[in-house]
Every structure is written in C-alpha cells, then in structure tokens.
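Trainee: Let me begin by handing over the structure; questions about it come next.
The values are calculated or read from the model by the stated rules, or taken from the named source; none is laboratory data. Everything quoted here is computed from the prediction, not taken from an experiment. Every residue, glycine as well, gets a Cβ built from its backbone with ideal geometry; the counts of neighbours run over all protein chains shown. Keep in mind that these areas ignore ligands, DNA and RNA; they rest on the heavy atoms of the full protein, side chains included. Shrake-Rupley method; radii C 1.70, N 1.55, O 1.52, S 1.80 Å.
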Amino acid sequence: MAVSKCTRLNGPLIKQMLDSVDSVLFDCDGVIWRGDQAIPGAPDVINLLKKNGKKVFFVTNNSTKTRKMYADKMALMGFNATEDEVFGTAYCSAMYLKHVSRLQGKVYLIGSNAMRQELEKVGIQQTGVGPDPISGVQIDWANVPLDPEVKAVVVGFDEHFSYMKLNRALQYLNNPDCLLVGTNTDTRLPLEGGKAVPGTGCILKAVETAAQRQAQTVGKPNHFMYDCVASQFGLDRTRCLMVGDRLDTDILLGSNCGLKTLLTLTGVSTVADAEAHQESGCPKRLGMVPDYYVESIAELLPALQG
Amino acid sequence: MAGARALGFKGCRKIGGSQIRNLLNAKDFFLFDCDGVIWHGEEAITGAPKVVSSLIKHGKNVFFVTNNCTRPRKNYVNKFYRLGFTDVMQEQIFSSSYCSALYLRDVAKVQGKVFVIGGEGVRNELLQAGIPFVGDEDAPDGTIFNCALASDVKAVLVGHDDKFTFLKLAKASCYLRDPECLFLATDVDPWHPLQDGRILPGSGCLTAALEVATGRKAMVIGKPSPFMFECISSQFRVDPAQCLMVGDRLETDMLFGANCGLDTMLTLTGISQMKTAQEYRDSDHSTNQSFVPDYVVDTIADFLPAFED
C-alpha cells in the first residue's frame, strides 16, 4: 500500500485539496510571519480562506505571548483573526493544568509574563516569574524557602533563566508528587527582527537533568494542542489541514492526529529533510513526512481568488 | 596480580580484614574520589585522614580525582589540611577544572580565547595554565536581543556556574556555531549532594542545555571520561594494573575505573547503595557491568585494621 506523500502541491491539486477540508490550522513562525514581518501574501491567504467559509486557527509553540497579544500582533499585520482562534502554549499550558492535571495548588513558574497572565486567567496562582539572582552560599540554596502550596513546576521560555531558578525547580521537584510540565521542546526561539536564541527545549532539558525525570510537554507534536482546538470548535479531523514549517513539530502533530499535512518551505525544514524521513522506512520518522508541500503559503492564493 | 575481572569474578564483593590487607599489598596506586569518600562537606569521614596518611607512610602513591570544580587546587590543599589530611600536596589533586585547563593547553593547544561558563574554581585554573578567557563581564548591559561577542574565541568550557544566566547560554551557543570552536565540559554530573543529604544542580544541567541549543555533544573532561587518568599518567608513571579507584558514585567513579582498566571499590558513605550495585550486576544489559564495583566497603576506615602490624 503506497500512500502518495510529499507531493508538490500545484495547479488543480490545490483547489482539490482545499475543497477537501473545512478547517485549516496554521503554525506561525516561518509560516505566516518571520519575526514581525508577514510572509508576503499570507494575510490574504488567511482572510480569503475565511471568506471561503473555512475555519482558521493558529497553533504555535511560542509561549511568550498571550492569545490577546497574538491577536493584537495579527491585527497590526493585516490578518483578520480573533483571540479565540489563537492557541499558543502559554494559553494551552494553563488549559492543560486546569483541565487535564486538574491542579489544586500553585505553580512554580520558569516562564514569561504571558504565561503568568494565562495562568491567572484560569485561576492558577504562580510564584517565580522575573529575575532571580543568586545570593548566599550553597547551603542557603539547598534550603531556599519553598511555598507549600506549589504542586507543579512549569517551564516555558524565560530570558531570566538562571542557576537559582534551576535550583528552586530542583528543590520543588524533590517531592515526587510535584508535577513537571513544559510548554515545548523546540531548541531555538525566533525573535522579532529575524534573530534566534536558544529555545525552551534547552531550559527544560536543564531542569529534567537536575530532577532526573521527564516533563510532560504540552506543545506540538503532542496532540494536546489539537485537542484544545477540537474541543472548543467541534472539528472533523478528516476534513482538517495542518500547515507548518517544521517536520518534527507541525507535521508530526498533524500525523499524530490524523490530519492532512502541508509543509511550507519559508521556515525551518526542507524537502530534502522530508524525503530523508520518507526513505528511512523507520515508522517513527514516517509521521514527519508531509502529504504536500509548497514553497510558500502564497501559492494557495490563485485557487482562493478564482 | 591481574585485574579482578580477568579472574571471571562477578564483582560487588564486600571485603574486610585480611582481604583488604591483601588488596593493599597488591596495589601501589590509590585513586580517591573526595565528596562522600574522604569527607562530607566540611567534615572528614571518621578514620579517613588516618587511612590516607597510613597509605602514604607505607609508600603508596595516593591521588585525589574529583569532578568538583568549585575551587582551584590551591584552595583544595587548604581544605585537605583543615580537615586533617595534612600530608596531601597540590600535585596529588586532580580536579575536572585543572584537567580541563591541561586539555586546552596541552592537547587541544588552543590558540585564542576560551569562553567560560564557570566560577572561580574554573577560571583560576585557566589563569594558572596561562589560557586567556572571557566570561560575560565584558558587556554587563547586554541582553539576549543585543549582545556583543568577543573575537577570537576558539573554545567554550562549561563547568559549575552558580551565576549561570540565559544570556551566557545564548552567547555560548553563538560561539559554538563555528564547528572549529571546541566544546568542553568539566563534567556531566546532574546534581551533587551537600552534607545534610540535600542536593544542588550540577554542571551536567548546564552542559545539557547547551548541547540542546547547539545540536553538538560536549567533550567531557571529568569522570567517567578517562581523560583525568591520562593527566595523572602524563605526570607520574602509573600502571593501571597497580591501581585501585575508590569512589561513591557508580555512574561516575566505577565507570571511570572501568574505562581506564582499573580495579574499583565502592564505599558506602556517599551516593550509591549496595542494592543499586547489585541490580547493575544482575541485569541483562552488558553495558551495566561497567557500573559494578569489584569490591565494596562500608567506609574507607575499614582499611585501618590492615595497617596494624
């Protein structure tokens, strides 16, 4: 059974594919924008999809913005999008802790203000956000006062990450009942202006190494983010398309959830990467082979405008 | 006497009395880990100072091999003296920070600067070895969005750093984009214990973060890598068959001994327990055999009766 995969999407195939889906999930960085620059044609693609009656959602592993911050950014860039269509890991982690972990207690947070805000919105208090410089000596660090109400350590992107924060996390995690949740494992975080810095994956790895245990991750490729969207909007996964630029997060999420998948080449992964996974024959890697690929999502425009 | 393993001996043997005396007679070189073996924090393990001075008096060569890079060797000498180990000289102390400096100077022969993620223990050894280095003091106002990089950085060295920040991680990963830039770690211990049994994050956490950021693997200087034994061998004439490695951590000390072809002894005054050693011994995976000590003692003070003659 040869399932045709990694097909170049062009010509009449584009309209055929679009007609076969009712909902489209887009990754953001490298798909609809790069930093603070929209990918040329991307706003028109999103807006036309909606005009054509498709539901459109945004699914990003980036934990540095709340849904509102994303919606504001999109408005500035000409995307017709609303807050409830955006699913970032700050929001999804809060949802995960509230509805899956059913957390009763506080969070020790290594993360951004955006994460703090999303946690507060669901009624979960946190401690730890912001700079945390070291003071005192070794015995003081091992004896940092712990808030007895903390029941989970949550790790997202944190530019203030430090040895002291790593230490506090370790002290909380000495209790085996304390949860360890990470937003995502991406190794790089794209910044506005096109630069990139080490990603949340690095910070999470430091904490996992100290505590000698693995975190539960919320972000792509874990199916939770799709579940979040689906539970709020009643999606039919057989009529759903996932569009992304990373094979190991976006495309794998799509495969894991039984969605159609489209790779765009304006970001991280290449066709050669996809073909290498396809030729490997390794079952674990086949989930990273997209159904289709395009150079840029702008290639969908003629089919949408026609 | 050939290595204990060559005799088809399963390992993990608790020994005492005359067995220890025979072992002490058979070996000329004794390599000791420090934390959990000869001391706990600022307290010597009862009997340990007498064991060390007795070995030296009996003409044995004694070395200390530690992954702890929080102080330079000259400070370690002070600690040894303070805790009652009055015969120990600097030349006998091999720390992962000292050996990292040796690696950079004598093996890699690095031409250029080293970007250091580490404290005084690491920096002082680089200074002693004449190796120029930079930390992140050069641009105190730098942020991750806009930070200056030093020119001529040819190696990144990661050690224990309680002043570790995200900015240091970002800078190090920039330097390591150049495949010619060396990536060294003093050790990969994930945590280390304090006197009262509490633990603190180790260098291994910081190294792991940088490996994820760069997609590169660090070259590890400290145990279980055999490099520190190569350092000892380059300065002293050592026959591995004449050595006994005494430690408390199966995954570092025992593995180090196995990697260097040394007989190994686990002392139970530190991190690892007899039960774990036995589990490794009885497991099906052949790789686990390297964690199994040849001999086990409750404390190195068990050597003392062997000196009474």
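Trainee: Got a sec to turn the phi values of segment B:23-35 into Karplus ³J(HN,Hα) couplings, 6.51 cos²θ - 1.76 cosθ + 1.60 with θ = phi - 60°, whole Hz, x for Gly and Pro?
Mentor: Here the 3J(HN,Hα) series is 5, 5, 5, 7, 10, 9, 10, 10, 9, 10, 6, 9, 4 Hz.
Trainee: Okay, moving on. Give me the net charge for the shell around A:THR249: Cβ to Cβ below 12 angstrom, other residues only, Lys and Arg +1, Asp and Glu -1.
Mentor: Neighbourhood net charge equals -3.
Trainee: Moving to a separate point now. Out of A:GLY182, A:GLY258, A:GLY88, any idea which swings most in a Gaussian network model of chain A, alpha carbons joined below 10 Å?
Mentor: Result for chain A, Cα springs under 10 Å: A:GLY258 fluctuates most.
Trainee: What does the accessible area per residue of segment B:98-220 come to in Å², with a 1.4 Å probe and no ligands, DNA or RNA counted? Mind showing how you got there, number by number?
Mentor: Values: 4870 Å² over 123 residues.
On a per-residue basis, 40 Å².
Trainee: Please give the charge dipole size of segment A:219-306, origin at the Cα centre, charges +1 on K and R Cβ atoms and -1 on D and E Cβ atoms. Round to the nearest 20 debye. Walk me through the numbers on the way to the answer.
Mentor: Working: 7 positive and 11 negative charges, 62 e Å.
Computed about the Cα centre, the dipole is about 300 debye.
Trainee: Using unit Cβ charges (K, R positive; D, E negative) and no other charged atoms, how large, in debye to the nearest 20, is the dipole of segment B:171-309 about its Cα centre? Walk me through the numbers on the way to the answer.
Mentor: Details: 10 positive and 20 negative charges, 153 e Å.
The dipole magnitude comes to about 740 debye.
Trainee: Now, a different point. Taking the Cα centre of the protein assembly as shown as the origin and placing charges on Cβ (Lys, Arg +1; Asp, Glu -1), which of B:VAL156, A:ASN62, B:VAL65 is farthest toward the positive end of the dipole?
Mentor: Of the candidates, A:ASN62 comes out farthest on the positive side.
Trainee: Please report how far the C-alpha centroid of segment B:19-98 lies from that of segment A:208-234, rounded to the nearest whole angstrom.
Mentor: 48
Trainee: To continue, here is another question. How big is the dipole moment of segment B:98-220 about its Cα centre under a simple scheme where the beta carbon of each Lys and Arg is +1, that of each Asp and Glu is -1, and everything else is neutral? Debye, nearest 20, please. Can you show the working numbers first?
Mentor: Values: 12 positive and 16 negative charges, 63 e Å.
I would put it at about 300 debye.
Trainee: May I pose another question? Checking buried surface per residue: for segment B:197-218, which residues lose a minimum of 20 Å² accessible area in the protein assembly relative to the chain alone (1.4 Å probe)?
Mentor: In segment B:197-218, residues shielded by partner chains: B:ARG198, B:ILE199, B:LEU200, B:PRO201, B:CYS205, B:LEU206, B:ALA208, B:ALA209, B:VAL212, B:ALA213.
Trainee: Nearest 5 is fine: what % of DSSP beta bridges in the protein assembly as shown come out antiparallel, could you say? Please report the intermediate quantities before stating the final value.
Mentor: Details: 12 of 80 bridges.
The antiparallel fraction comes to roughly 15 percent.
Trainee: Among A:LEU119, A:LEU146, A:LEU252, which one shows the highest mean-square fluctuation when chain A is modelled as a Gaussian network with alpha-carbon springs under 10 Å?
Mentor: In this elastic network of chain A, the residue with the biggest mean-square fluctuation among A:LEU119, A:LEU146, A:LEU252 is A:LEU146.
Trainee: As a check on your grasp of the helix formula, calculate [θ] at 222 nm for chain B: sum -39500 (n - 2.57) over DSSP H runs of n ≥ 4, divide by the residue count, round to the nearest 500. Let's see the in-between values first.
Mentor: Working: 11 runs with 96 residues, N = 309.
After summing the helix terms and dividing by the residues of chain B, the value is -8500 deg cm²/dmol.
Trainee: Once Rh for segment B:23-81 is found with the Kirkwood sum over Cα pairs, what is the Stokes-Einstein diffusion coefficient at 10 °C and 1.306 mPa s, in µm²/s?
Mentor: Numbers: Rh = 12.3 Å.
The diffusion coefficient I find is 129 µm²/s.
Trainee: A further question on this structure: Among A:LYS151/B:LYS171; A:LYS54/A:LYS195; A:LYS106/A:LYS165; A:LYS220/A:LYS260; A:LYS151/A:LYS220, which pairs are too far apart, with a Cα-Cα distance over 22 Å? All intermediate terms of the calculation are to be shown ahead of the outcome.
Mentor: Working: A:LYS151/B:LYS171 33 Å; A:LYS54/A:LYS195 33 Å; A:LYS106/A:LYS165 16 Å; A:LYS220/A:LYS260 15 Å; A:LYS151/A:LYS220 24 Å.
Violating the 22 Å limit, Cα to Cα: A:LYS151/B:LYS171; A:LYS54/A:LYS195; A:LYS151/A:LYS220.
Trainee: For segment B:165-192, list whatever residues lose no less than 50 Å² of accessible surface once every protein chain is in place, relative to that chain by itself, with the probe at 1.4 Å.
Mentor: B:PHE166
Trainee: In chain A, with Lys and Arg counted as +1 and Asp and Glu as -1 at Cβ, which of these residues, A:CYS257, A:THR127, A:GLN214, has the Cα nearest the positive end of the dipole, that is, farthest along it?
Mentor: Ranked along the dipole, the leading option is A:CYS257.
Trainee: Sum -39500 (n - 2.57) across every DSSP H segment of at least 4 residues in chain A, then divide by the residue count to get the 222 nm mean residue ellipticity, nearest 500. Let's see the in-between values first.
Mentor: Values: 13 runs with 106 residues, N = 306.
That calculation yields -9500 deg cm²/dmol at 222 nm.
Trainee: Which residue fluctuates the most in chain A, going by a Gaussian network model with Cα springs under 10 Å, if the choices are A:ASN222, A:ASN61, A:ASN167?
Mentor: Largest GNM mean-square fluctuation: A:ASN167.
Trainee: Another question about this same structure. Net charge around B:VAL51, counting only other residues with Cβ within less than 14 Å of its Cβ (Lys, Arg = +1; Asp, Glu = -1)?
Mentor: On the way: positive: B:ARG21, B:LYS27, B:LYS50, B:LYS57, B:LYS60; negative: B:ASP33, B:ASP87, B:ASP298, B:ASP302, B:GLU308.
With Lys, Arg at +1 and Asp, Glu at -1, the net is 0.
Trainee: I'd like the Kirkwood hydrodynamic radius of segment B:98-220, using the inverse of the mean 1/r over distinct C-alpha pairs, in Å. Can you show the working numbers first?
Mentor: Working: mean 1/r = 0.0683 Å⁻¹.
That comes to 14.6 Å for segment B:98-220.
Trainee: When the accessible area of the protein assembly as shown is computed with all protein chains present and a 1.4 Å probe, what percentage of it is carbon and sulfur? Numbers along the way, then the final one.
Mentor: On the way: 12750 of 25160 Å².
Of all accessible area on the protein assembly as shown, carbon and sulfur atoms account for 51 percent.
Trainee: Additional query: If you average 1/r over all unlike Cα pairs in the protein assembly as shown and invert the result, what Kirkwood radius do you get in angstrom? Numbers along the way, then the final one.
Mentor: On the way: mean 1/r = 0.0372 Å⁻¹.
With all distinct Cα pairs of the protein assembly as shown included, I get 26.9 Å.
Trainee: Now, a different point. Taking just the alpha carbons, could you work out the radius of gyration and Dmax for chain B, both in angstroms?
Mentor: Radius of gyration, then largest Cα-Cα span, for chain B: 20.0, 69 Å.
Trainee: Now for a different question. Loop sites only, by DSSP: take the trypsin sites (Lys or Arg not before Pro) in chain A that have at most 11 other C-beta atoms within 10 Å and name the longest stretch containing none of them. Mind showing how you got there, number by number?
Mentor: Working: sites that count: A:ARG102, A:ARG213.
The longest such stretch corresponds to A:103-212.
Trainee: Under 11 Å from the Cβ of A:ARG237, count the other residues' Cβ atoms, weight Lys and Arg +1, Asp and Glu -1, and hand me the total.
Mentor: Values: positive: A:ARG239, A:LYS260; negative: A:ASP22, A:ASP227, A:ASP236.
Once positives and negatives cancel, what remains is -1.
Trainee: Give the residue from B:GLY47, B:VAL122, B:ASN78 lying farthest towards the positive end of the charge dipole for segment B:1-125; charges sit on Cβ (+1 for Lys and Arg, -1 for Asp and Glu) and the dipole is referred to the Cα centre.
Mentor: The one lying farthest along the dipole's positive direction is B:GLY47.
Trainee: What's the buried accessible area, both sides, between B and A using a 1.4 Å probe, rounded to 100 Å²? Each step should come with its number before you reach the end.
Mentor: Working: alone 14010 and 13790 Å², together 25160 Å².
Buried surface at the B/A interface: approximately 2700 Å².
Trainee: Starting at 0 and stepping by 20 Å, how many percent of the alpha carbon pairs of chain A end up in each bin?
Mentor: That works out to 33, 54, 13, 0, in percent per bin.
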